[in-house]
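Here's the structure, in structure tokens; my notes come after.
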């Protein structure tokens, strides 16, 4: 039989663990320094430029009476939908005068 050789490390197990943890700590610190310093360095990615023309709205907004009509309460109930118009008393045959002209009218003085 040939003798089996056993490789014995010259460094003990706790020392290897400490070296690995120190190496990990240095790598983490280096990565942190690079990420902080990259905030002050110019980026290699292309910077998007603003568009030459402004993009308008896809649809025009309702204005005036059309907007007011679209915002009114809708008739959903059958009692509202089938409602009859109100019945008003008939207008008098000779309509009353809207304005009465006074012959001896004097404008009041506004300086008082």
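The values are calculated or read from the model by the stated rules, or taken from the named source; none is laboratory data. Since we're looking at a predicted model, the values are computed, not measured. Using ideal geometry, Cβ is built from the backbone for each residue, glycine included, and neighbour counts are taken over all protein chains shown.
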Residue 34 passes all but one of the listed conditions (1) modelled with pLDDT under 70; (2) within 33 Å of the chain's Cα centre (by Cα); the exception is number (2)
Note: among 45, 22, just one is out of contact with any strand residue (DSSP E or B) (no Cβ under 8 Å at 6 or more places or on another chain) and at pLDDT below 80, namely 45
Residue 50 passes all but one of the listed conditions (1) within 33 Å of the chain's Cα centre (by Cα); (2) at pLDDT below 75; (3) in a helix (DSSP H, G or I); the exception is number (3)
